[in-house]
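The values are calculated or read from the model by the stated rules, or taken from the named source; none is laboratory data. The shown structure was predicted, so the numbers you read here are calculated from the model rather than taken from an experiment. Don't worry about glycine lacking a Cβ; one is built from the backbone with ideal geometry, like all the others, and counts go over all protein chains shown. Just the protein is used for accessible areas: all its heavy atoms, side chains included, with ligands, DNA and RNA removed. Shrake-Rupley method; radii C 1.70, N 1.55, O 1.52, S 1.80 Å.
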Amino acid sequence: QFFVFCHGLLQLSQLLVSGYLKSSISTIERRYGLSSQTSGLLASFNEVGNTLLIVFVSYFGSRVHRPRLIGCGAILVSLAGFLMALPHFITGPYEYDQSVASTFSNTTDLCQPGAPGAWANLSAASCTPHASRENHEVLLVMFVAQALLGVGGVPIQPFGISYIDDFASDRNSPLYLGILFSVTVIGPGVAFMLGSAMLRFYVDIDKVSAAEVQLTNKDPRWVGAWWLGFLVAASLVALSALPYFFFPRDMPKEVGEVLHTHTPRSFPVVLLRNLRHPVYLLVVLAQVNISAMVAGLATFMGKFLERQFSLTASLANMIIGAVNIPGAMVGIVVGGAILKRFQMSLRQCSALCVLGMLLCLLGALPLLFLGCPTQKVAGVTYWDRGHSQGGHTPATGTFLTCHCPEKGFNPVCGSDGVEYTSPCSAGCRNVNIDTSSSVLNYTECSCIPGPGLARPGTCGTGCSHLFVPFVVLSCLAGILASTSHTPSFMLILRSIQPEDKSFAVGIQFMLLRVLAWMPGPVLYGSAIDTTCILWERRCDRRAACRYYNNTLFRHRYLGLQLFFEVGAF
């Protein structure tokens, strides 16, 4: 029982490390200028290390000191967690464009008709060879950390489960495994809540004093302390790893029963026999579709909510961790309960899966229409014929007289309801600040008709009224889809020969990894990138996306989700 307790703790903290990355992905994109395709690849990269080794590990299961190997794996996972946070400590402080000169920046992004020089040095300074090298280092460290995370996670689940199954009584084994399974479902929820808590702190909380931070967490330039959660999670893993070095290689079985192990048959024979089994193959393919959908959802749902409904990263994580993931848990439990209550045959199991997916499809269809277009952004989504003479830039005249930097980004919302990418592009010459040196408003903005006023921050999408219906429907669709989880497992376990069970489940997980968890986030990330309408540029390379076409973003992101739901159905 102590082993089960330790293993539950270890699995929870391991999931915190891998789940926490997903909760802070939009923040890491903004901090290091990554496209969603790159961040999707990063998020799925731990599966690479995992997949390469998992088959061998399952095969050599009973010939090694399992607890000790689990302990070593956990130490690797912990190391990976600390490595994920390392980029924060090897790079300089986060820099953003601002209107008020501060201790570490004497530039301003107001309209300055007389001084072309002020901008030239700003754009040149930020592009040293060091800056671009720094970026490669950050990516290298993170990809290595993710690969390590995958390798370290290999022994944890298979060895833990087989160890428990070998030495628990047949009566208690399902209970113990059920406890572990519920932990693996709760884990991601806890990870998103951790993300929600950490992203409320400013990223450089350890480098600058609170007084110097001029951003609030609602500001589009805000970057939260993404690295803090990795330190917390990695420390937890390191603590959970300690007891494993003191467990024995074998334990006495709980109640005196004989240990029966099957001699492993030749690898290719078993593989072919299972893959030729139509029920096994079809159910695994359905699960591949569901998993690909979940992989994309888990990785980018936060970013989607942030953009569609103008939420902070912290609030988006809170919704996912407190609503969507518990919803999925409810679905899994309900599916299992229906199975148990009605003692279902295989055919009824498959009917239940089909029904769950059909209802999920119907629930998810309306989501495509719950959203609003991107706000009007001057020169990006909106051109005022009166002001703008030259193609791409709004009020080319203003750009020439104000000497605006091409890549300045400090959005302001004009009194005319149009958003401008910086006070300079709105032609604002004056800024009012309050006592704590945060910006109140901008005045004398020549591009804004009427009083010529602007307030700091984005105008937002004006979609808040659709937010609650969206969350309710998406949660409902999640509950319905996850009712098919347990019956689909039963279909696999009951349709194959008993001695192939553990091997069949191993192959199933490997196929899910290779066909769903690895390509899923990359596919979603690439689809999201195609909907970007303004890219940030860093050192002449495309960095993170500033503005998306929200309607396209919604249709492609949720359309991909529907595609996989239909596939599973």
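So if I take the centroid of the Cα atoms in segment 173-224 and the same for segment 313-332, what is the distance between those two points in Å?
13
Run lengths n ≥ 4 of DSSP H only: what is the helix-derived mean residue ellipticity at 222 nm for the chain, with -39500 (n - 2.57) per run over all residues, to the nearest 500?
Taken over the chain, the calculation gives -19000 deg cm²/dmol.
Calculate the FRET efficiency for SER415 and HIS136 from the Cβ-Cβ distance with a Förster distance of 45 Å, rounded to the nearest 0.05.
0.55
Once you keep just the Cα pairs under 8 angstrom separated by 6 or more residues, what percentage relative contact order results for the chain?
The normalised contact order for the chain reaches 26 percent.
Over segment 265-388, calculate the relative contact order: mean separation of alpha carbon pairs under 8 Å at least 6 apart, over the residue count, as a percent.
The value is 13 percent.
What accessible area per residue comes out for the chain, rounded to a whole number of Å², with a 1.4 Å probe?
In whole numbers, the chain has 44 Å² accessible per residue.
Using a 1.4 angstrom probe on heavy atoms only, work out the carbon and sulfur share of the accessible area of the chain in %.
Percent of accessible area from carbon and sulfur atoms in the chain: 68.
For q = 0.05, 0.10, 0.11 Å⁻¹, what log10 I(q)/I(0) does the chain give under the Debye formula with an equal point scatterer on each alpha carbon and no solvent?
Rounded to two decimals, the profile gives -0.25, -0.87, -1.02.
Give me the extension gain from ARG200 to VAL269: residue separation times 0.36 nm, minus the current Cα-Cα distance, reported in nm with one decimal.
19.5 nm
Which longest run of the chain has no exposed loop site in it, a site being GluC sites (Glu not before Pro) in a DSSP loop with at most 16 other beta carbons within 10 Å, and the site itself not part of the run?
Maximal segment without exposed cleavage sites: 407-569.
Using Cα pairs closer than 8 Å and at least 6 residues apart in sequence, work out the relative contact order for segment 440-569, in percent.
RCO, segment 440-569: 11 percent.
Using the Cβ atoms and a cut-off under 14 Å, what net charge is assigned to the surroundings of PRO487, where Lys and Arg are +1 and Asp and Glu are -1?
Surrounding charge for PRO487 is +4.
May I ask you to evaluate 6.51 cos²θ - 1.76 cosθ + 1.60, the Karplus curve with θ = phi - 60°, for each residue of segment 442-448 and list the ³J(HN,Hα) values in order in whole Hz, giving x for glycine and proline?
10, 10, 6, 8, 5, 8, 9
What FRET efficiency comes out for the pair GLU444/THR530, r = Cβ-Cβ distance, R0 = 41 Å, nearest 0.05?
Efficiency at R0 = 41 Å is approximately 0.55.
Subtract the Cα-Cα distance of ASP166 and PHE369 from 0.36 nm times their separation in residues, and report this length gain in nm to one decimal.
67.9 nm
Can you give the extra length, in nm with one decimal, that the chain gains between LEU175 and TRP383 once fully stretched, where that is 0.36 nm per residue apart less the Cα-Cα distance?
Gain on extension, LEU175 to TRP383, equals 68.6 nm.
Helix 278-309 versus the longest principal axis of the chain: what angle, 0 to 90°, nearest 10, using Cα atoms?
30
Rounded to whole Å, give me the distance from the Cα center of segment 1-28 to that of segment 404-457.
Result: 43 Å between the Cα centres.
Excluding residues fewer than 8 places away in the same chain, name every one of the lysines whose C-alpha is closer than 22 Å to that of LYS253.
LYS501
Which of the aspartates and glutamates could be linked to LYS407 by a straight reach, that is with a Cα gap under 15 Å, when you skip same-chain ones fewer than 8 residues away?
Correct list for LYS407: GLU95, ASP97, ASP109, GLU536, ASP540.
Quote the FRET efficiency, to the nearest 0.05, computed for MET329 versus THR401 with a Förster distance R0 of 56 Å and r equal to the Cβ-Cβ distance.
0.45
Using every alpha carbon pair in segment 444-564, what percent of pairs falls into each 10 Å bin from 0 up to the bin containing the largest distance?
Bins of 10 Å from zero give 9, 22, 27, 20, 12, 6, 3, 1 percent of pairs.
What is the spin-label model distance, in nm, from ASN217 to MET344 if the labels are put 7 Å beyond Cα along the C-beta direction?
Modelled inter-label distance: 4.1 nm.
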